[in-house]
Amino acid sequence: LASVRAMEGRFDEARKLAERAREIFQEFGLRLRASFVWETSGEIEMLAGDPVAAERALHAGFDAAVEVGEQGFQATVAALLAHSLVEQGRLEHADRFTTLSEASAAEDDVASQVLWRSARARVLAASGLASEAESLAREAIALVEITDDVNMHADTRMDLAVVLIAAGRPKEASEVLDRAIALYMGKGNVVGAAGARRRREALHVS
């Protein structure tokens, strides 16, 4: 429910719901389950446009995963951390977390495999390595196609669009963003759709 409220733009309510979920798990002594909620908190803050707050939440989840030795969650949250760091322009730090995710992600952990690739693609694009960035971004999209995670489908296309924009290909980026907007709207993620529209409008492509 916290995730749904965040997609609707009801961020304060989303934060309270996530915090209450974490409290309930902790009350029952379910420390690992409680740590998983930090991922939700991080996603709420990313939708709210606050990557610094997202980093704090995701780092708490990462530290908890390391403490209990939970590799699967560690891989996913490390990749999400990389995305929050990319948004802050902290590329070297972001790349370190993509490496951690890649090293700990199981081959069939599709979410982590998608997320570290798309984050590293953003790092490479910002570093001027357009060809390598596009290759990784398209690998991420190919992987996400086997899932029914609509938000991840859209998010990955947003990352590809950023890569294409950095490569000086605004028309292609615009087409990718149109698809992301449609996916977000189909999911009911009005915040994601609005962000994609703003990025598309900034391209000034008809």
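What the table below lists for this structure:
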| item | result |
| --- | --- |
| Size descriptor, Kirkwood hydrodynamic radius, that averages inverse alpha-carbon separations across the chain, Å | 17.1 |
| Length gained when the stretch ARG179-SER206 is fully extended (0.36 nm per residue, less Cα-Cα span) | 8.2 nm |
| Ordering of 112-118, 176-182 by packing [mean C-beta count within 10 Å, highest first] | 112-118, 176-182 |
| Estimated distance in nm for a label pair at GLU13 and SER135, the labels positioned 7 Å out from Cα along Cα-to-Cβ | 4.7 |
| Per-residue HN-Hα couplings for segment 121-134 [Karplus 6.51, -1.76, 1.60; θ = phi - 60°; Hz; x = Gly/Pro] | 4, 5, 4, 5, 4, 5, 8, x, 9, 5, 5, 5, 5, 5 |
| Expected 222 nm ellipticity per residue - DSSP helices of 4 or more, -39500 (n - 2.57), all of the chain, to 500 | -27000 deg cm²/dmol |
| Cα long-axis angle, helix 11-27 against the chain (0 to 90 degrees, to the nearest 10) | 40 |
| Kirkwood-Stokes translational diffusion coefficient of segment 103-165, alpha-carbon pairs, 37 °C, 0.692 mPa s, µm²/s | 288 |
| Relative intensity, log₁₀ I(q)/I(0), of segment 118-206 from a Debye sum that treats every alpha carbon as a point, q = 0.17 Å⁻¹ | -0.64 |
| Per-residue ³J(HN,Hα) for segment 92-109, Karplus 6.51 cos²θ - 1.76 cosθ + 1.60, θ = phi - 60°, Hz, x for Gly and Pro | 5, 5, 4, 5, 4, 6, 5, 5, 4, 5, 4, 5, 9, 6, 5, 4, 8, 7 |
| For segment 1-94, average projected area of the Cα convex hull in nm² | 5.6 |
| Protein-only accessible surface order, largest first, of ILE44, ILE24, ILE141 at 1.4 Å | ILE24, ILE141, ILE44 |
| Among VAL190, SER206, LEU85 the positive-end extreme of the charge dipole of the chain (Cβ point charges) | SER206 |
| Average Cα contact separation per residue, segment 108-172, under 8 Å, 6 or more apart, as relative contact order % | 37 |
| Relative contact order %, the chain, counting alpha carbon pairs below 8 Å whose residues are six or more apart | 14 |
| Prolate/oblate/rounded label for segment 62-163 (Cα gyration tensor, a/c 1.5) | oblate |
| Euclidean distance of C-alpha centroids, segment 27-62 and segment 157-206, integer Å | 26 |
| Heavy-atom accessible area per residue - the chain, 1.4 Å, Å² | 49 |
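The values are calculated or read from the model by the stated rules, or taken from the named source; none is laboratory data. Just so we're clear, the structure is a prediction, and the values are computed from it rather than from any experiment. All Cβ positions, glycine included, derive from the backbone under ideal geometry; neighbour counts span all protein chains shown. Surface accessibility is based on the protein's heavy atoms, side chains included, excluding ligands, DNA and RNA. Shrake-Rupley method; radii C 1.70, N 1.55, O 1.52, S 1.80 Å.
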